[in-house]
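No value in this document is a laboratory result; all are computed from the given coordinates. Quick caveat, the model's predicted, so the values are computed rather than measured. Using ideal geometry, Cβ is built from the backbone for each residue, glycine included, and neighbour counts are taken over all protein chains shown.
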Amino acid sequence: MDGNEFLAARFEENRTHLKAVAYRMLGSDSEAEDAVQEAWIRLGRSDGAAIDNLGGWLTTVVGRVCLDILRSRRSRREEPLETGAPDAHEPGRVLGPQPGADPEQQALIADSVGLALLVVLETLDPAERLAFVLHDMFAVPFDEIARIVDRTPAAARQLASRARRRVQGADPFPDPGAARRREVVDAFLAAARSGDFDALVAVLDPDVVARSQGAAGAASLVRGAANVARQALMFAPFARSAQFALVDGAPAVVSTGEGQHFSVMRFTIERGKVVELFVINDPGQLPGIDLILLND
């Protein structure tokens, strides 16, 4: 296999991910495909051997292409999303799966965000939409997003935060995945409060990772369901006062002590299991995160 064939094979490994990013950014199957194709063209013009992280490089390129498309729409004062009909300004453009799409494409669209969220995303400023989609849906770091939108990482974080609040306030249909994630967090807290080791292990992915950040930069890392469950049992006194929250859009709990935020535990949940926990024990770090307390 020569260099071009190897690069093409690696591109194909990333195609589904890139299409998902572009579709969530644009809400259009055909435009998403165009954005992915443009990324392939730009890759062909670059020195592929010099790219250390091809997946990240391609995601950045697709993000920039989508940002240009969104800004072009805005300059034309388009209203591209319609519930079932092509846009008047763009003949043939239809939201969602299109007739004749192959099974893989149908599965991609079915697994994507719902119509209601796409409609809400269309109301966002292009830079806000990019920051929200890349960070909240694909966990792209803010320093990488900042380079795409030509802002500082702090400004990119604010873009995502503003978009997140608008989405949460405007989406008329609850996200069923959010309800399921809340159930997983509730199960974790119930097990921690009661000291039920087996119940804790049951809610954790076998390869779960727990990270913590304490005062003066002290950090720790624990791997494996049994090890994380044992650590979580020590969290029991704080679990009793825990309040559900969102941290950078992810489910979290906040434990309080003496009326102040004491610690924050953020959950990453996949397939109904906790795959990662991130705990901040230093109150001095809390002002730097996007924290939203939720009522029970």
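Give the shape of the stretch 193-247 as rounded, prolate or oblate, defined through the alpha-carbon gyration tensor: a ≥ b ≥ c are the square roots of its eigenvalues, a/c under 1.5 means rounded, and otherwise the shape is prolate if a/b is larger than b/c and oblate if not. Oblate, because a/c is 1.5 or more while a/b does not exceed b/c. Taking Lys and Arg as +1 and Asp and Glu as -1, the other residues whose beta-carbon sits under 9 Å from that of residue 210 total +1.
Restrict the search to the stretch 120-212; then list the chymotrypsin sites (Phe, Trp or Tyr not before Pro) that DSSP places in a loop and that have at most 13 other Cβ atoms within 10 Å of their Cβ. Each step should come with its number before you reach the end.
Details: sites: 132, 138, 142, 188, 197; in loops: none.
Answer by residue number: there is no such site.
Can you give the translational diffusion coefficient of the stretch 10-72 in µm²/s, computed by Stokes-Einstein from the Kirkwood radius over Cα pairs at 4 °C and 1.567 mPa s? Walk me through the numbers on the way to the answer.
Values: Rh = 11.5 Å.
Reported coefficient: 113 µm²/s.
Modelled spin-label separation between residue 6 and residue 47, with each label point placed 7 Å from Cα along the Cα-to-Cβ direction: 1.6 nm.
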